[in-house]
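A quick write-up on the structure given underneath.
The values are calculated or read from the model by the stated rules, or taken from the named source; none is laboratory data. Quantities reported herein were computed from a predicted structural model and do not represent experimental measurements. When we count neighbours, we look across all protein chains shown, and the Cβ atoms used for this are built from the backbone with ideal geometry, even at glycine.
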Amino acid sequence: MTKIYAEIIGTMILVFLGNGVVANVILSKTKGHSKYGGWVPITLGWALAVFMAIIVSAPYSGAHLNPCVTISFAIIGKFRWEMVPFYIFSQFVGAMLGSLFVWVLYKDHFLETQDEQEKLSVFVTIPSIKNLFSNFLSEVLATFIFIFISLYLSTEGILFFGERKYPIGLGSLGAIPYALVVLGVVLSLGGATGAAINPARDLGPRIIYSIIPITGKVKNHWNYAWVPIIGPIVGGIIASTLYLFLSS
């Protein structure tokens, strides 16, 4: 249960801080509001959210925080398949909690914001140009790069001293490379869809958005919901399969 709680808490921190920076930049009358948006601040905020979430949860659950990571680790044999449903459920719960906290924190600013799409974008990813095939391909490719690089980051070096082996890692600083990968992927590949690269990060908040009382909701947002769910999963499976092939 410690691992499950760690995944819930870690994913909650991830989404609370990640969606929190979106709210700070987009919603009206916040200290960080910019009418022109702020892709760089938002991306930096998400990268820092990844860093902090990993620091908290990594010692207990390995800090998957993403169904694509969990499935990919299971495919390459670094995680037990029987634990996959429990981790994924925990990640969705954590994402829902994180997005709920964002709404509570910025509730007054949601009331001040008139644009329906801006309110929705605090919770979920929205394509800049809606073309479901292109949007799906964008999520597949972005997640492929993210997972493929992350799988190599998860491999620690080994120091041999006589007959004994000692793993070489970065400790808590090991969260930095993952944060930098997210920063690089979203800055470079997030222009089309926002690069969800995490089904829990999108679906959990989307459910909360549908439940909480927000005026002027976008009613047809569910017709896009499958893209940031299926796309990242496909990208993760391709990345882990290629990793296995290259490692064999």
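Brief remarks follow.
- None of I8, I88, I71, I42 is in a helix (DSSP H, G or I), out of contact with any Ser or Thr (no Cβ under 7 Å at 6 or more places or on another chain) and farther than 17 Å from L183 by Cα except I71.
- Members of the range 223-248 found to be crowded, with 18+ Cβ neighbours inside 10 Å and aromatic (F, W, Y), listed by number: Y224, Y243
- None of F73, F16, F101, F110 is of a type in the set (F, W, Y) and more than 19 Å from F123 (Cα to Cα) except F73.
- Listed by first and then second residue, the pairs with beta-carbon distance under 6 Å, at least 6 apart or on different chains, first residue in the range 1-21 and more than 27 Å from H33 (Cα to Cα), second surrounded by 20 or more Cβ atoms within 10 Å (Cβ to Cβ) and modelled with pLDDT of 95 or more, are I4/S90; E7/Y87; E7/S90; E7/Q91; I8/S90; I8/G94.
- Tabulated pairs, the range 216-234, first on the phi < 0 side of the Ramachandran plot and in a loop (DSSP other than H, G, I, E, B), second of a type in the set (D, E, K, R) and at pLDDT 95 or above, C-beta under 6 angstrom, 6+ apart or interchain: A225/R206
- Enumeration of residues in the range 193-215 that are surrounded by 18 or more Cβ atoms within 10 Å (Cβ to Cβ), part of a loop (DSSP other than H, G, I, E, B) and of a type outside the set (S, T, N, Q): G194, A195, A196, I197, I214
- With respect to the conditions (1) farther than 21 Å from L189 by Cα; (2) touching a helix residue (DSSP H, G or I) at 6+ places or on another chain (Cβ under 6 Å); (3) at pLDDT 95 or above; (4) surrounded by 13 or more Cβ atoms within 10 Å (Cβ to Cβ), F79 falls short on a single one, namely (3).
- Among the residues of the range 103-124, the ones that are among the β-branched types (V, I, T), at pLDDT 95 or above and surrounded by 14 or more Cβ atoms within 10 Å (Cβ to Cβ) come to 2 in all.
- Condition check for A23: in a helix (DSSP H, G or I) and over 14 Å from G94 (Cα atoms): yes
- Cβ pairs under 6 Å, 6+ apart, first in the range 71-94 and in contact (Cβ under 8 Å) with a residue 24 or more places away in the chain, second outside any helix (DSSP H, G or I) and buried (at least 22 other Cβ atoms within 10 Å of the Cβ): Y87/H64
- Among the criteria (1) under 15 Å from N198 (Cα atoms); (2) surrounded by fewer than 19 Cβ atoms within 10 Å (Cβ to Cβ), the one E139 does not fulfil is (2).
- Condition met for L100 (in a helix (DSSP H, G or I), in contact (Cβ under 8 Å) with a residue 40 or more places away in the chain and surrounded by fewer than 18 Cβ atoms within 10 Å (Cβ to Cβ)): no
- Matching residues in the range 235-248 - criterion: being in contact (Cβ under 8 Å) with a residue 60 or more places away in the chain and aliphatic (A, V, I, L, M): I237, I238, A239, L242, L244
- Among the criteria (1) more than 26 Å from K119 (Cβ to Cβ); (2) under 14 Å from the mean Cα position of the chain (by Cα); (3) among the small types (G, A, S), the one G18 does not fulfil is (1).
- Odd one out for V56 among (1) more than 19 Å from G20 (Cα to Cα); (2) crowded, with 16+ Cβ neighbours inside 10 Å; (3) touching a residue at least 12 places away in the same chain (Cβ under 8 Å): (1)
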